[in-house]
1. Just give me the residues in the range 16-41 being surrounded by fewer than 11 Cβ atoms within 10 Å (Cβ to Cβ) and either at pLDDT below 75 or more than 16 Å from the chain's Cα centre (by Cα) (or both), in sequence order.
2. Which of the residues spanning the range 42-67 are in contact with a Lys or Arg (Cβ under 7 Å, 6 or more places away or on another chain), open to solvent by 40 Å² or more (accessible area, probe 1.4 Å) and modelled with pLDDT of 90 or more?
Amino acid sequence: MVKVNVTPQAEQYLSRKIGDQKAVIRIFVDNEDCGCTGGIPALRLIDEPGKRDTVVESNALSLTMHQSGESYFDDDELTLSTDDIGSSLRLSSASQYYSRSIRVLDGRKALI
């Protein structure tokens, strides 16, 4: 089971993206139009977890992971942080960076 440690800076970054509307944050591997093998990690703001989502243990936020992404992350503890100036999100583990610039997509129904 994956665990995600969210730094205070990343929590603030995502809080600004979420705004006043409730959201669950889904970690998923986006392979649409990326031209890469296996896809790239991304975050999607959703209203509630889907049938194929599992709850991810986190120190700060309500996170889920789409079932298709579970095999992508081989470590059991990930860190979601920001770059030095707080302009983008990073997802890493003790052994690697999964992405230095995580996309945050908003899929909440009230905004569609």
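The values are calculated or read from the model by the stated rules, or taken from the named source; none is laboratory data. The structure presented is a predicted model; accordingly, all values stated were derived computationally and were not measured. Ideal geometry is used to build each Cβ from the backbone, glycine not excepted, and the neighbour counts take in all protein chains shown. Each accessible area value is taken on the protein alone, full model and side chains, heavy atoms only, with ligands, DNA and RNA left out. Shrake-Rupley method; radii C 1.70, N 1.55, O 1.52, S 1.80 Å.
1. Going through the range 16-41, the residues surrounded by fewer than 11 Cβ atoms within 10 Å (Cβ to Cβ) turn out to be 16, 20, 32-33, 35-38.
Result: Asp20, Glu32, Asp33, Gly35, Cys36, Thr37, Gly38.
2. Those that are in contact with a Lys or Arg (Cβ under 7 Å, 6 or more places away or on another chain), open to solvent by 40 Å² or more (accessible area, probe 1.4 Å) and modelled with pLDDT of 90 or more: Arg44, Asp47, Glu57.
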